[in-house]
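A.B. asks: If you scroll down you'll find the structure; I have some questions about it.
The values are calculated or read from the model by the stated rules, or taken from the named source; none is laboratory data. Keep in mind that this is a model prediction, so the values were computed, not measured. Don't worry about glycine lacking a Cβ; one is built from the backbone with ideal geometry, like all the others, and counts go over all protein chains shown. Protein only, heavy atoms only, side chains kept; ligands, DNA and RNA dropped before computing areas. Shrake-Rupley method; radii C 1.70, N 1.55, O 1.52, S 1.80 Å.
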Amino acid sequence: MTISLINLAKTYRTKDGEVVALAPTVLDIAPYSFTTIVGKSGCGKTTLLRLLAGLEGPTSGTLTFLPHRPKIGFVFQEPRLMPWLTVSENIAFAALSGKSPLSGGKLPALLDMLSLTAFANAYPSQLSGGMAQRTALGRTLFQNPDIILMDEPFGSLDYFTRKGLQETLLRLFKQEKKTIIFVTHDVEEALILGERVLIMKKGSVTGDVDVNLPYPRDAASLELLALRRKILSGIE
């Protein structure tokens with residue numbers, strides 16, 4: 001599933017004039033790839049993600065998916081779970097609401113993959129932040145999307161919980177063969193996860209860095225430290 005942006009742009013009109021959230025952008029994203037996007041707050045990362053998801057329309061330019069329109073899943077920064085539903089019910093919500101078929105073995109397999117089997121009947125108020133975010137990821141995976149968009153999903157978590165979820169996400173990426181586009185403020189996280197890191201600045205993609213290193217990656221390795229310096233220099 002190739003994603004192609006041709007001069008895709010988004011401008012907002014305010015009482016003080018126009019605000020360019022995304023300057024005309026030309027970009028191709030390969031199928032079954034893991035792309036991370038970094039940049040300071042307000043640089044256009046989330047706008048780009050929302051355009052890819054179809055949550056907003058572009059002001060100009062085109063967005064195409066080949067060979068056909070894909071099913072897209074979106075994981076937000078907050079889990080956004082229904083508090084009256086259990087972990088299992090939150091994950092299978094699309095099936096409960098009649099929007100997706102419920103496969104007998106699908107839910108148990110997802111619970112196992114996300115280390116949530118023991119909490120299948122727990123409610124969101126009984127979950128840690130990491131478990132809640134794994135549940136949100138499970139809800140997206142249950143719908144079997146072709147493309148997974150993630151907007152700083154681990155940003156509010158502590159270091160150890162975030163590290164565990166990064167490992168879970170990489171395992172899913174290898175097993176499920178999905179295209180993942182992941183927005184983060186954390187350059188180290190971008191390098192630990194991404195095969196490719198896009199740098200955004202003032203509404204434009206200003207850098208494109210390939211990370212040709214095997215998984216799992218060591219954040220303290222000389223290769224990653226050199227790439228981290230390069231990306232930080234590009235952001236600044």
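A.B. asks: Between Leu222 and Arg13, what is the spin-label point distance in nm, taking each point 7 Å from the Cα along the Cα→C-beta axis?
C.D. replies: 5.7
A.B. asks: Here's another thing I want to ask about it. How charged is the neighbourhood of Ile3? Take every other residue with its Cβ under 13 Å from the Cβ of Ile3, and add Lys/Arg as +1 and Asp/Glu as -1.
C.D. replies: That sum, taken over residues with Cβ under 13 Å, equals +1.
A.B. asks: Between Met82 and Glu236, what FRET efficiency comes out of the Förster formula 1/(1 + (r/R0)^6) with R0 = 35 Å and r the beta carbon distance, rounded to 0.05?
C.D. replies: According to the calculation, E is roughly 0.25.
A.B. asks: Let me ask something else about it. Of Leu198, Val211, Gln166, whose Cα points farthest to the positive end of the dipole of the stretch 165-236 (charges on the beta-carbon: +1 Lys, Arg; -1 Asp, Glu; origin at the Cα centre)?
C.D. replies: Leu198
A.B. asks: Could you give the Stokes-Einstein D for the chain in µm² per second, using the C-alpha Kirkwood radius, 37 °C, 0.692 mPa s?
C.D. replies: 176
A.B. asks: Can you give me the accessible area per residue for the chain, using a 1.4 Å probe, in Å²?
C.D. replies: 49
A.B. asks: Right, here's the next one. Nearest-5 percent of antiparallel DSSP beta bridges in the chain?
C.D. replies: 55
A.B. asks: Identify all lysines with a Cα-Cα distance to Lys10 below 20 Å; exclude those on the same chain that are fewer than 8 residues away in sequence.
C.D. replies: By straight Cα distance, Lys10 reaches Lys40, Lys45, Lys201, Lys202.
A.B. asks: Using a 7 Å offset from the Cα along the Cα-to-Cβ direction at both Arg229 and Ala109, what is the distance between the two label points in nm, to one decimal?
C.D. replies: It is 4.6 nm.
A.B. asks: Could you give the nm distance between label points at Thr64 and Ser125, where each point is 7 Å from its Cα heading toward the beta carbon?
C.D. replies: 5.2
A.B. asks: What's the carbon and sulfur percent of the chain's accessible surface, probe 1.4 angstrom, rounded to a whole number?
C.D. replies: Carbon and sulfur: 54 percent of the exposed surface of the chain.
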